[in-house]
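In what follows, a structure is listed as structure tokens, so that the remarks can point back to it.
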Amino acid sequence: MFSSFFQTAKNSPFKTPFSQAHCDDGKVNSQLSVQPAVGQQSGPVVGRQIAAAASASTDSCEFGSNKYFALCGIGGILSCGTTHTFVVPLDLVKCRLQVDPAKYKNLIHGFKVTVAEEGAVGLAKGWFPTLIGYSLQGLCKFGFYELFKIKYADILGEENAYLYRTYVYLAASASAEVFADIALCPFEAAKVKIQTVPGFANTFREAVPKILKEEGITGFYKGLVPLWMRQIPYTMMKFACFERTVELLYKYVVPKPRTDCSKGEQLVVTFAAGYIAGVFCAVVSHPADVVVSKLNQSKGASAGSVVKSLGFMGMWNGLTPRIIMIGTLTALQWFIYDGVKVALGIPRPPPPEMPASLKAKEKSK
């Protein structure tokens, strides 16, 4: 399906996922408004090959277009909303381990206590705010990441975008997560209340008016800063580690070039890279995750008071179930996101390669 796309991407002098598409067919590109200089031929320049990132007929949109970003956002909705909802039982026990370690001693014990007190249905508490909140977060996270990644790379230029690509991934993912967490925060506040405060509410519909009555609209956003503290490092690690891991897997582990791999083989690499990234994500963001859970559980608490009461060791409560949860989540999210790209015909550029101009400089040294 993507063989012609990979061929054109391979011929590109940029060879990175950051390059905008340009066509030297003698016509003016209405989006980019690029015209040939006076006296310059309108066809391809001799000795230079230019390829559009989404030139294959099977691609449903142009790489870097508004439609491309919108479809990436849809992929984010499906990947984040479904996966987070799927692991709600694990998330519920993880949150209870964080806020009440005396009652919920470990992961297995937490499941047993929850089922004994509330039945199996109790493990699904908070599924609706999880579904809606993380769907909105996925929309912003993946859609804005793709946008910022291209924009920041354009600012740096072709060579610097390759040399400092890890920093591009970090900056783009951090910028995207700022907006993603604003969308998620109200739903996360309701979810944690439902899951960790006994008798507060059983459904999102019950939780919202209670939070409004007791704390006002600020009750939905009091956890925003800790959420940023948790999610921004997590997302930076998630995207940067994933991008570089994919690059390394194709370079050192996969026995053949990505262009020769089937779509199924590519998705296996995506899943493996996603799980590796997820383990690092869980460790980096866990202390802030504990603070968010405790903060939303306790009325009138502040991030500083929560950190002080927990202590250093208390901020690592529930790490094991979170590694399992986040590793699985991250792997599935990247697998679903990449699968949606395949299904919708969204361009999937290969891992970046050194631009020809840099290769020439290396040879001249």
With unit charges on the beta carbon (Lys/Arg positive, Asp/Glu negative), name the residue among Asn317, Gly327, Pro257 whose Cα is farthest towards the positive pole of the charge dipole of region 233-344. Asn317
Once label points are set 7 Å from the Cα along Cα→Cβ at both Phe312 and Ala124, what is their separation, rounded to one decimal in nm? 4.3
Cut-off 16 Å (backbone N to label point 7 Å along Cα→Cβ of Tyr221), residues of region 166-192: 178-190
Amide N proximity, region 137-162 versus Ala70 label position 7 Å along Cα-to-Cβ, cut-off under 18 Å: 139-148
Let's test the formula: R0 of 25 Å, r as the Cβ-Cβ distance of Thr203 and Ala116. What FRET efficiency results, to the nearest 0.05? 0.70
Highest-first arrangement of 62-72, 239-249, where packing means the average Cβ count within 10 Å: 239-249, 62-72
Segment Ser305-Glu214, extension gain: residue separation times 0.36 nm, minus the distance between their alpha carbons: 30.8 nm
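If you average the sequence gap of Cα pairs under 8 Å that are 6 or more apart and divide by the length of region 60-221, what percent do you get for the contact order?
Values: 216 pairs, mean separation 42.8, N = 162.
Relative CO of region 60-221 lands at 26 percent.
Just subtract the alpha-carbon distance of Ile155 and Thr259 from 0.36 nm times their residue separation and send over the number in nm, one decimal. Intermediate results must be reported in sequence, preceding the final value.
Details: separation 104, 0.36 × 104 = 37.44 nm, distance 2.85 nm.
Extra length from Ile155 to Thr259 when fully extended: 34.6 nm.
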About its Cα centre, how strong a charge dipole does region 233-344 have in debye, to the nearest 20, once Lys and Arg get +1 and Asp and Glu get -1 at the Cβ? 220
List the residues, sorted by chain then number, that are 5 or more residues from Tyr104 or on another chain and whose placed amide H is less than 5 Å from its amide H. none
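Read-outs: derived from the displayed coordinates by stated rules, not from any lab. As the structure is a computational prediction, the values presented were derived from the model and not from experiment. No Cβ is skipped: glycine too gets one built from the backbone with ideal geometry, and neighbour counts run over all protein chains shown.
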